[in-house]
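All remarks here apply to the structure that follows.
The values are calculated or read from the model by the stated rules, or taken from the named source; none is laboratory data. Just so it is clear, the structure is predicted and the values come from calculations on it, not from any experiment. So basically every Cβ, Gly included, is an ideal-geometry build from the backbone, and we count neighbours across all protein chains shown. For accessibility, only protein heavy atoms count, side chains too; no ligands or nucleic acids. Shrake-Rupley method; radii C 1.70, N 1.55, O 1.52, S 1.80 Å.
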Amino acid sequence: MCGIVGYIGKRRAYDILIQGLHRLEYRGYDSSGVAMISEDGELNIYKAKGKVEALEHFAASKDLSGTIGIAHTRWATHGEPNDINAHPHFSQSGRLAMVHNGTIENYSVLKDALSSHGYNFISQTDTEVAVHLIEYIMQKNNCSLFDAVREATKRIVGAYAIAIVDKQNPDQIIAARQSSPLVIGVGEGEYFLASDATPIIEYTNKVIYLNDGDIAVINRGQELKVFDSNSTSESEIKITELQMSIEQLEKGGYPHFMLKEIFEQPKTLADCISGRISADGKRVTLSGVIEHKEKFLNTNRIIIVACGTSWHAALIGKHLFEEFCRIPVVVEYASEFRYSNPVVNPGDVLIALSQSGETADTLAALELAKANGAFVFGICNVIGSSIPRATHSGCYIHVGPEIGVASTKAFTGQVTVLAMMSLLIGQMKGTVSDEVVANVASDIRRVPALIKDIFKLNDKIEELAKIFTYAHNFLYLGRGYNYPSALEGALKLKEISYIHAEGYPAAEMKHGTIALIDNDMPSVVIAIKDNVYEKTVNNIQQVKARGGKVVAIVTEGDTIVADMADYVLEVPQIAECLTPLLTAIPLQLLAYYIAVNKGRNVDQPRNLAKSVTVE
Ligand code: G6P
């Protein structure tokens, strides 16, 4: 949700900023812009509505000199996406330029106060208010930019990651964060700044993750200094070494990141499992759980908070924990949980599930639970992101950077970690037999190979997608472990093809949704051989009886459903609790090919962003 880049050093800043914006485009693509101090001391801002490409086109004929600059790619919150609301924003005098990721909640109060001091506003953004405020403080107190930023952060309420340059000091960038991420890359005589490490990795693997309340003073050729906004002393700087590789950030020959990420799943799940299941296949090791085992063994309930696809994975987690650990689980939308005055007590375990580790609602939900004495555990993908740093313990899914806005490999990584966790806790608690653990754990190890097998369906699904590309509505039905799969299949289709789709528990369909079924509304039914297989078969018959078309995802060798469904996609046999890992693959591919046929921007669907750092 908005991406920030910054650079100060020896190279042409523009090249680094543009490349960085491309890497961060998944965070928002309503507009983008750069601010650079040129060789002759001008502070130039170039910005354009739309994707980074539009900015490049616009800036091509301009002065792109200078070795210091900041840049921004926007997901609009305040004010429509246009050139004027695009970042960076100038201060009133044109001396400062600022980029911002987050939301300033008290911006209208600040705006009124600044207006009464004669400040004018060109844009509708909260960011322009903040940069005017900083300049106002500088002038009023006759202080440095750093002091003004420190003072401004005391008056600003909300979430922000900001970077500011000052025309009168071409050797300095000031950056600050509160609830929105910011990473500084440390090179040889140069510094990089970004919302995540992806724009930095090609230049240096040494990074510093800023903490909430940090203000960084980045001076050219000097040592970086970080201050806590509430104290005068310098904060200790911890340099972390990145484990990411540049290849992970490229499409690697695939037309879209989403397709690459779907096809990466055998490898990403092998990485996710690696070292976590013992050689004899009888035990699971997750140190973040084992080190806090008494929290899981003594709790009376687990709360899982998440958003979007992660929320669907959480629903599968509920089944897993209840089956293997016999611990009641509630799954909450983080955005609802945080404002519902929830009952959370010491002794509760709250799991925050998030690919990005930055989702504002999930972060706020876990802070709330922590404040009420709960033990908070994170399951995230992005290493060093805010949620893992705010939790007591956690576990990474290790599936590598996910760039496509529609989540695919993170979903299967999350389900895999939840499966391993539930086996581990269940085994420690004695609520699952060693034999079941061994069987399920050995099936988890088979998943990468089985997914490779499912890829044989690719061409068939591509053909199938052609038949359904022009449907206006879809129904996705599933039960038990695969009810969340139905929700996730429908979400995939909605977000990238813009076709309306509804996920439903198959048996619940007859209480209303069945009224929608006709020849024009296809149903995708997950009808694998589980404990409710016969009932799902009945549901398929009910759809067929009303003239509906059925695409069924079935267990290999199924002939019963094959006889009644219009199209059948087979997935291999596996432990029932792991079937969502296999059924996810045809659902992802179907959504992908339908969206491609419709000519959609699969990796950057309209109105969406991958990392939702605003409410
Ligand atoms: C956005 C993304 C989804 C993601 C959701 C939650 O909506 O587009 O793909 O599932 O945020 O994100 P998180 O990073 O917390 O899993």
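Observations on the model:
- Check: segment 3-242 dipole with +1 on Lys, Arg Cβ and -1 on Asp, Glu Cβ, in debye: 160
- Cα-based helix-to-principal-axis angle, 308-325 vs the chain, degrees rounded to 10: 50
- 0 to 90° range, to nearest 10: angle between helix 145-155 axis and the chain longest Cα axis: 50
- Of Y533, Y504, Y333, the residue with the largest accessible area leads and the full order is Y333, Y504, Y533 (1.4 Å probe).
- The chain, dipole about Cα centre (Lys/Arg Cβ +1, Asp/Glu Cβ -1), debye to the nearest 20: 460
- Cα shape, segment 114-253, gyration tensor, a/c 1.5 rule: prolate
- C-alpha center-to-center spacing [segment 241-281, segment 53-119] in angstrom: 36
- Between 0 and 90°, nearest 10: helix 13-24 axis offset from the chain longest Cα axis: 20
- Segment 203-299: C-alpha gyration tensor shape, a/c 1.5 cut-off, then a/b vs b/c: oblate
- Globularity index of segment 454-604 is 0.94 (Cα radius of gyration / 2.2 N^0.38 Å, N = number of residues).
- Rg/Rh ratio calculated on Cα atoms of segment 3-242 (Kirkwood radius): 0.93
- Protection-proxy order for peptides 273-285, 228-240, 575-587, 313-325, each taking the mean of Cβ atoms within 10 Å per residue, highest first: 575-587, 313-325, 273-285, 228-240
- log₁₀ of I(q)/I(0) at q = 0.08, 0.13, 0.19 Å⁻¹ - segment 247-432, Debye sum with one point per alpha carbon: -0.24, -0.62, -1.28
- Radius ratio Rg over Rh of the chain, counting only Cα atoms, Kirkwood formula for Rh: 1.00
- Segment 479-523: C-alpha gyration tensor shape, a/c 1.5 cut-off, then a/b vs b/c: oblate
- Measuring between their Cα centroids, segment 482-519 and segment 359-419 lie 27 Å from each other.
- Straight-line reach from K10: taking Cα to Cα under 25 Å and skipping same-chain neighbours fewer than 8 places apart, the lysines in range are K47, K62, K167, K206, K225, K238.
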